[in-house]
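Let me begin by presenting the structure, written as structure tokens, before commenting on it.
The values are calculated or read from the model by the stated rules, or taken from the named source; none is laboratory data. Note that the coordinates shown come from a computational prediction; the quantities given were computed from them, not determined experimentally. Every residue, glycine among them, receives a Cβ derived from its backbone with ideal geometry; neighbour counts consider all protein chains shown.
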Amino acid sequence: MARFPDVPVVYACHSSTLEIETPLPHPQIREVVAVDESCAARCLQRGVPADKLSVILNAVDMERFKRRAPLPDAPTKALLLTKNKGHRRSVRTACKKAGLLLDELGPGAGRVIPNLEAVLGNYDLVFATARMALEAAAVGCAVVVCDARGFAGMLTSHNLRSWRPMNFGIGLLTLPVTSERLGQAVRQYDAADAKLVTDELRQSATADRYVQQHLAAYQRAIEAPSPSPDKIAAATAYWVEELAVTSAERKWREVAIELGLIARRRQRGRLLTRARRLVLQRIFGRKATQGQAGR
């Protein structure tokens, strides 16, 4: 934004908990897009005007994630998709008790593949959250929404309309993950109901609809009145003040903690210098970082 002060900005918020995703006020930001209702609530709390905020839910490329064959009456194979590890043992226990063969994929499982769409159709039941849960359900799998952060339960045609606006994510994960809860969810497996979920998502969660919603947000941003250069300059200065690494307790420190660059306890000068360099590199790019080095 500092490089192109006359260009309108559409800001996307992907997390309701991470500071790095939370927008700072700036008149160049004409529209803010939240990926779910939790993110939208966070944006409103931070002062984003309601008339500049849109919720655009995640979508699926239906040409890539094609529909699988009809589910069997009883599941035999399950897949755990996860970024984290804390619930893996509980999932394994629940699957063993239910007689399900279990495979695991994702960073939390130590195995990542580039073509998830090629394997999803091999599984009847998937344990996942967020986009992974959406893609699995759109393909035609039954989905249990859970990860190491918490448990929601079996995705059904009855809870789909309330769960999808929450992105099958952290806002739903209100219960601890236990093998007992997972086992109960597995017993809720219903091939006919899972089909209803898939039918709905393949109509409402298409990539074409997603693109059109973003184009509308971009058009609103372009058509919005232009702020004065003075307001833009003042807001940019505020961003620099908040994000430049100093000894002050500002936004930069929470961002650095989230990126794993520093611990929560105050660090010595060498860690402060390292954090400053890396945060600026993440935010402004390598060239801008090099330009800051001599200052």
Inset, instruction - Taking the options 106, 150, 110, name whichever one is surrounded by fewer than 24 Cβ atoms within 10 Å (Cβ to Cβ), under 17 Å from the mean Cα position of the chain (by Cα) and farther than 24 Å from residue 207 by Cα. - result: 150
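Does residue 32 qualify as being farther than 20 Å from residue 170 by Cα and under 22 Å from the mean Cα position of the chain (by Cα)?
Values: farther than 20 Å from residue 170 by Cα: yes; under 22 Å from the mean Cα position of the chain (by Cα): yes.
Taking the combined requirement at face value, the residue satisfies it.
Among the small types (Gly, Ala, Ser), over 21 Å from residue 61 (Cβ atoms), modelled with pLDDT under 95 and part of a helix (DSSP H, G or I), is that true of residue 234? Can you show your working first?
Details: among the small types (Gly, Ala, Ser): yes; over 21 Å from residue 61 (Cβ atoms): yes; modelled with pLDDT under 95: yes; part of a helix (DSSP H, G or I): yes.
When the stated conditions are applied, residue 234 passes them.
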Legend entry - Residues of the stretch 1-55 classified as more than 20 Å from residue 241 (Cα to Cα), part of a loop (DSSP other than H, G, I, E, B) and of a type in the set (D, E, K, R), total: 2
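I'm trying to understand the selection: among the residues of the stretch 154-207, which are among the β-branched types (Val, Ile, Thr) and more than 23 Å from the chain's Cα centre (by Cα)? It would help to see each step written out before you state the result.
We begin by selecting, within the stretch 154-207, every residue among the β-branched types (Val, Ile, Thr); these are 156, 170, 174, 177-178, 186, 197-198, 206.
Passing the criteria: 178, 186.
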Legend entry - Restricting the stretch 213-265 to residues that are among the β-branched types (Val, Ile, Thr) and within 24 Å of the chain's Cα centre (by Cα), the residue that is surrounded by the fewest Cβ atoms within 10 Å (Cβ to Cβ): 257
Legend entry - Residue under evaluation residue 217, criteria (1) at pLDDT 95 or above; (2) among the small types (Gly, Ala, Ser); (3) not assigned by TED's automatic domain parsing to the domain that holds residue 33, criterion not met: (3)
